[in-house]
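The values are calculated or read from the model by the stated rules, or taken from the named source; none is laboratory data. In this text, all values refer to a predicted model and were calculated from it rather than measured experimentally. No Cβ is skipped: glycine too gets one built from the backbone with ideal geometry, and neighbour counts run over all protein chains shown. Surface accessibility is based on the protein's heavy atoms, side chains included, excluding ligands, DNA and RNA. Shrake-Rupley method; radii C 1.70, N 1.55, O 1.52, S 1.80 Å.
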Amino acid sequence: ALASMVMAADLDVSLRVLVPCVENCVAGNAFRPSDVITSRSGQTVEIGNTDAEGRLILADCLTLATEGAEFPDLLLDMATLTGAHRVALGWDLPGIFTDSDTLAQELYDKGLEHHDPVWRLPLWKPYDKMIDSKIADMNNIGSVPWGGAITAALFLKRFVNGCPNWVHIDFNGWTREKPGFPEGGEPQAVRAIYEMLREQYPPRS
């Protein structure tokens, strides 16, 4: 949805869209708990939870997005990644993770202005050790059952090659019935992001 809006408005950006997809199925060649896989970045990941497969493909996607000479000025990833985000913020508020105070404030302001609210959650460095592994560079799940949205974001951060303007959006993608919003799929945070981009990169014509 966001890419369609950007292209339709002809914003003055060089847009690259990567869509990682995965299906969680049982098969003879499926990975198992305690397996160690090598990511696109070369970092190794211990499989602590086979249901945390989405962050594995998203990590490779972030690595691909930051490879080579075309390093992005802005790197956004969006995923219905964790149930922990919904426990923390409920149905209506996407959680955003970024080290950039400027980006966080811009998204918050645009969200309020355009009735598409977002809420910043911390990339809390002391929690980074929760995804350490004794047999790999990291584990794909936190070592404790709390702060799961934060540890998932910290996992992804290890794959962005130091991109200073990276934003991870963990969202629900669904809304309950309320005035102006019928029950069903909802492109949460899309309007806020689009308005931020439109202000920074006005249409070419």
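Of these, Ala153, Ala104, Ala149, which one is in contact with a Ser or Thr (Cβ under 8 Å, 6 or more places away or on another chain) and either assigned to a loop (DSSP other than H, G, I, E, B) or within 15 Å of Ala52 (Cα to Cα) (or both)?
Working: Ala153 fails: in contact with a Ser or Thr (Cβ under 8 Å, 6 or more places away or on another chain); Ala104 fails: either assigned to a loop (DSSP other than H, G, I, E, B) or within 15 Å of Ala52 (Cα to Cα) (or both).
Result: Ala149 is the single residue among Ala153, Ala104, Ala149 that is in contact with a Ser or Thr (Cβ under 8 Å, 6 or more places away or on another chain) and either assigned to a loop (DSSP other than H, G, I, E, B) or within 15 Å of Ala52 (Cα to Cα) (or both).
Can you confirm whether Leu2 is open to solvent by less than 50 Å² (accessible area, probe 1.4 Å) and over 22 Å from Asn139 (Cα atoms)? Working first, answer last.
Details: open to solvent by less than 50 Å² (accessible area, probe 1.4 Å): yes; over 22 Å from Asn139 (Cα atoms): yes.
For Leu2, the condition - open to solvent by less than 50 Å² (accessible area, probe 1.4 Å) and over 22 Å from Asn139 (Cα atoms) - is met.
If you take the residues of region 164-199 that are open to solvent by 60 Å² or more (accessible area, probe 1.4 Å) and at pLDDT 95 or above, which of them is nearest to Asp92 (Cα to Cα)?
Arg191
Let me confirm something: among Leu112, Leu15, Leu81, which residue is within 24 Å of Leu154 (Cα to Cα) and either in a loop (DSSP other than H, G, I, E, B) or modelled with pLDDT of 95 or more (or both)?
Working: Leu112 fails: within 24 Å of Leu154 (Cα to Cα); Leu15 fails: within 24 Å of Leu154 (Cα to Cα).
Matching residue, one of Leu112, Leu15, Leu81: Leu81.
Tally the residues that are within 18 Å of Ala59 (Cα to Cα), assigned to a loop (DSSP other than H, G, I, E, B) and of a type outside the set (A, V, I, L, M, F, W, C), restricting the search to region 120-146.
Residues in region 120-146 being within 18 Å of Ala59 (Cα to Cα), assigned to a loop (DSSP other than H, G, I, E, B) and of a type outside the set (A, V, I, L, M, F, W, C): 5 in total.
Which condition from (1) in contact (Cβ under 8 Å) with a residue 40 or more places away in the chain; (2) out of contact with any Gly (no Cβ under 6 Å at 6 or more places or on another chain) is the one that Trp124 breaks?
Among (1) in contact (Cβ under 8 Å) with a residue 40 or more places away in the chain; (2) out of contact with any Gly (no Cβ under 6 Å at 6 or more places or on another chain), the lone unmet condition for Trp124 is (1).
Is it true that some residue in region 147-154 is on the phi > 0 side of the Ramachandran plot and at pLDDT below 95?
Let us first name the residues in region 147-154 that are on the phi > 0 side of the Ramachandran plot, namely 147.
Pick out the ones that are also at pLDDT below 95 and you get none.
No, because not a single residue in region 147-154 is on the phi > 0 side of the Ramachandran plot and at pLDDT below 95.
Take Thr102 and tell me if it is open to solvent by 80 Å² or more (accessible area, probe 1.4 Å) and free of Cβ contacts under 8 Å to residues at least 60 places away in the same chain. Give the derivation first.
On the way: open to solvent by 80 Å² or more (accessible area, probe 1.4 Å): yes; free of Cβ contacts under 8 Å to residues at least 60 places away in the same chain: yes.
So Thr102 fits the description; yes.
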